[in-house]
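Colleague: Before I ask anything, let me first share the structure, which is written out below as structure tokens.
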Amino acid sequence: MMTFSIFISFALILVAYLLGSIPTGYLAGRLLKGIDIREHGSGSTGATNVLRTVGKGAAIGVLLVDMLKGMMAIALIKVAYNYLGSDLLPPSWQDWLVMIAALVAVLGHSKSVWLKFSGGKSAAISLGVLLVMNPFVGLGTFATFLLVLYFSRIVSLSSLSGAIAVTIFMAIFNPSIPYLLFALLAGVYVIVRHRTNIQRLMAGKEPRIGQAVT
């Protein structure tokens, strides 16, 4: 029975990675403009680069689908527990499975197997993950993003602010070890993925919404 539980767990984690790795931004560029978005703008497949290179409607669609990928990856674990029960999935594993599925979904978005392990910067999918893990944490992180975006008009700065805030919100609303560990690791990962943006921010060259990357 334990062997079967491990098999199911690995299967769920694999599906979470594959969901995260769906190359939404890349597909939007190919289908709508016939371009490889990785060769334009910042080179990211995320919604911000889609906004700059494809358009506003495509960017909104990519943002929503990327969030949905993260939501589905975590919902999958919760549904599996509801239908399979404690005989096949030990209750003590649930938070850890959620944490691992969340991490691999985020990793899949930025290291997609379909794009030779390239991709986006994982901010949108992280938000989707958080909204299912704990809605209060997700909404708090999103509110931080929107507040900074309103005043700065810089998407990367807003994403970085959310990446820092997420651990604080998780510590307040769901301070379990697996969830706190996800918040910390995902926050650091998003920051690392934005390292070129950080360099431009420090140099005063990071573009605001509507400006091109130079």
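Colleague: Consider SER42 against the criteria (1) more than 17 Å from LYS111 (Cβ to Cβ); (2) in contact with a Ser or Thr (Cβ under 8 Å, 6 or more places away or on another chain); (3) at pLDDT below 95: it satisfies all of them except one. Which criterion is unmet?
Modeller: The failed condition is (1).
Colleague: Which residues, counting only those in the stretch 178-199, are farther than 24 Å from PHE117 by Cα and free of Cβ contacts under 8 Å to residues at least 60 places away in the same chain?
Modeller: Matches in the stretch 178-199: LEU180 only.
Colleague: For the stretch 67-107, enumerate the residues that are free of Cβ contacts under 8 Å to residues at least 12 places away in the same chain and in a helix (DSSP H, G or I).
Modeller: VAL79, ASN82, TYR83, PRO91, SER92
Colleague: Say whether the condition of being surrounded by 20 or more Cβ atoms within 10 Å (Cβ to Cβ) and over 27 Å from ILE168 (Cβ atoms) is met by at least one residue in the stretch 106-118.
Modeller: yes
Colleague: Here's a follow-up. Would you kindly identify the helices (runs of 4 or more DSSP H) lying entirely within the stretch 139-214 that contain at least 2 residues that are among the basic types (Lys, Arg)?
Modeller: Helices (runs of 4 or more DSSP H) meeting the threshold: 195-203.
Colleague: Given the options GLY120, GLY128, GLY162, name the one that is at negative phi, touching a Pro at 6+ places or on another chain (Cβ under 9 Å) and of a type in the set (Gly, Ala, Ser).
Modeller: GLY120 is the lone residue from the list that is at negative phi, touching a Pro at 6+ places or on another chain (Cβ under 9 Å) and of a type in the set (Gly, Ala, Ser).
Colleague: Find the residue count for the stretch 35-55, including only residues that are part of a loop (DSSP other than H, G, I, E, B), open to solvent by less than 50 Å² (accessible area, probe 1.4 Å) and either on the phi > 0 side of the Ramachandran plot or of a type in the set (Ser, Thr, Tyr) (or both).
Modeller: 5
Colleague: Quick one: would you say GLY120 is touching a His at 6+ places or on another chain (Cβ under 6 Å), in contact (Cβ under 8 Å) with a residue 60 or more places away in the chain and over 30 Å from ILE6 (Cβ atoms)?
Modeller: Taking the combined requirement at face value, the residue satisfies it.
Colleague: Collect the residues in the stretch 148-167 that are under 29 Å from TRP93 (Cα atoms) and either in contact (Cβ under 8 Å) with a residue 24 or more places away in the chain or open to solvent by less than 10 Å² (accessible area, probe 1.4 Å) (or both), keeping them in residue-number order.
Modeller: GLY162, ALA163, ILE164, ALA165, VAL166
Colleague: If I ask for residues that are of a type outside the set (Gly, Ala, Ser) and open to solvent by less than 20 Å² (accessible area, probe 1.4 Å), which ones from the stretch 56-102 would you list?
Modeller: VAL62, ASP66, LYS69, ILE74, ILE77, LEU89, LEU97, VAL98, MET99 - these are the residues of the stretch 56-102 that are of a type outside the set (Gly, Ala, Ser) and open to solvent by less than 20 Å² (accessible area, probe 1.4 Å).
Colleague: For the condition closer than 25 Å to LEU185 by Cα, at pLDDT 95 or above and not β-branched (Val, Ile, Thr), what is the one hit in ALA123, ALA28, ALA75, ALA80?
Modeller: When all the criteria are applied, what remains is ALA75.
The values are calculated or read from the model by the stated rules, or taken from the named source; none is laboratory data. Treat the numbers as computed from the prediction; the structure is a model and nothing was measured. Quick reminder, even Gly has a Cβ in these numbers, built from the backbone with ideal geometry, and neighbours come from all protein chains shown. For accessibility, only protein heavy atoms count, side chains too; no ligands or nucleic acids. Shrake-Rupley method; radii C 1.70, N 1.55, O 1.52, S 1.80 Å.
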